[in-house]
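The structure appears right after this line, and notes come after that.
The values are calculated or read from the model by the stated rules, or taken from the named source; none is laboratory data. Quick caveat: nothing in here was measured; it's all calculated off a predicted structure. Cβ atoms come from the backbone with ideal geometry, glycine included; neighbour counts cover every protein chain shown. Remember, those area values only see protein heavy atoms, side chains included, never the ligands or the DNA or RNA. Shrake-Rupley method; radii C 1.70, N 1.55, O 1.52, S 1.80 Å.
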Amino acid sequence: MSTTIGSEPDARPAEGKAVEGEAAERKVPEGEAVVGEDGLGRCVWAVSHPLNQQYHDTEWGLPVRGEQALFERITLEAFQSGLSWLTILAKRPAFRTAFDAFDPAVVAAYTDDDVARLMGDAGIVRNRAKIEAARGNARAVLELRHHGGLDRLIWSHKPRRTPVPRTVSEVPTRTAESKALATELRSYGFRFVGPTTGYALMEAIGMVDTHLVGCHRRGTSGEHDV
């Protein structure tokens, strides 16, 4: 994935796009929140597969704090580039095993033999550039400990206001804050962290609330006024 503004793909869960398996046959129109059989409104991307719905209902958009948890999110967002988020969700248990629970100190010490091990692990996404970026990003996380830490850096870019999207088309893919976040991360040596990936991270960890207005999860982060 390029981190230049002009070419970076949208890194958020794919809104309304077909995904692998049975759910691919369900055509979900782009628009407002979709009301399910349980009577609850959800973001369009959440209804495309049970894994997406579980992630949406229990995790996406809730505040995430702490170095190790944030390093995991950054790493997974980077691996998602060019793929569906569903692919990453399905492989997340294998990623956690392969990358030693995303302990930055452990990943930072990976050798070329570890890179080769990961390239041979069919349970994860085998992309050498992304694997090597994860190792480099872990080393950047350790360096950040001398500059306030990863948690401080990321959350310092929380915007004062959050979007209030009624439809998918009203959800931003990048903002001035995500561009600033990506720029600061890159200044410490992070890779695969462009403005769009940065915004997807901000959505996932609750810094912004882009649940659609008709979604039952809207406002659950507690980080912004409903």
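How about region 171-220: which of its residues are among the polar types (S, T, N, Q), assigned to a loop (DSSP other than H, G, I, E, B) and surrounded by fewer than 21 Cβ atoms within 10 Å (Cβ to Cβ)?
Thr173, Thr175, Thr220, listed by residue number.
Which numbered condition trips up Leu118, out of (1) open to solvent by less than 20 Å² (accessible area, probe 1.4 Å); (2) touching a residue at least 24 places away in the same chain (Cβ under 8 Å)?
(2)
Applying the selection to region 50-69, what residues are of a type outside the set (D, E, K, R), touching a residue at least 60 places away in the same chain (Cβ under 8 Å) and either assigned to a helix (DSSP H, G or I) or surrounded by 15 or more Cβ atoms within 10 Å (Cβ to Cβ) (or both)?
Matches in region 50-69: His56, Trp60, Gly61, Val64.
Take region 171-220 and flag every residue that is within 15 Å of the chain's Cα centre (by Cα) and of a type in the set (Gly, Ala, Ser).
Correct list: Ser178, Ala182, Gly194, Gly198, Ala200, Ala204, Gly206.
In region 101-127, how many are of a type outside the set (Gly, Ala, Ser), more than 16 Å from Phe190 (Cβ to Cβ) and in a helix (DSSP H, G or I)?
Number satisfying all stated conditions: 8.
Tell me, which residue of region 128-170 that is surrounded by 20 or more Cβ atoms within 10 Å (Cβ to Cβ) and not in a helix (DSSP H, G or I) is farthest from the chain's Cα centre (by Cα)?
Looking at the filtered set, the residue picked out is Pro165.
Just the residues that are in contact with a His (Cβ under 8 Å, 6 or more places away or on another chain) and among the basic types (Lys, Arg), please, taken from region 185-226.
Arg217, Arg218
Got at least one residue in region 80-100 being over 19 Å from Leu185 (Cβ atoms), touching a His at 6+ places or on another chain (Cβ under 7 Å) and small (Gly, Ala, Ser)?
no
Which of (1) touching an Asp or Glu at 6+ places or on another chain (Cβ under 9 Å); (2) over 30 Å from Glu37 (Cβ atoms); (3) surrounded by fewer than 20 Cβ atoms within 10 Å (Cβ to Cβ) does Val107 not meet, given it meets every other one?
(3)
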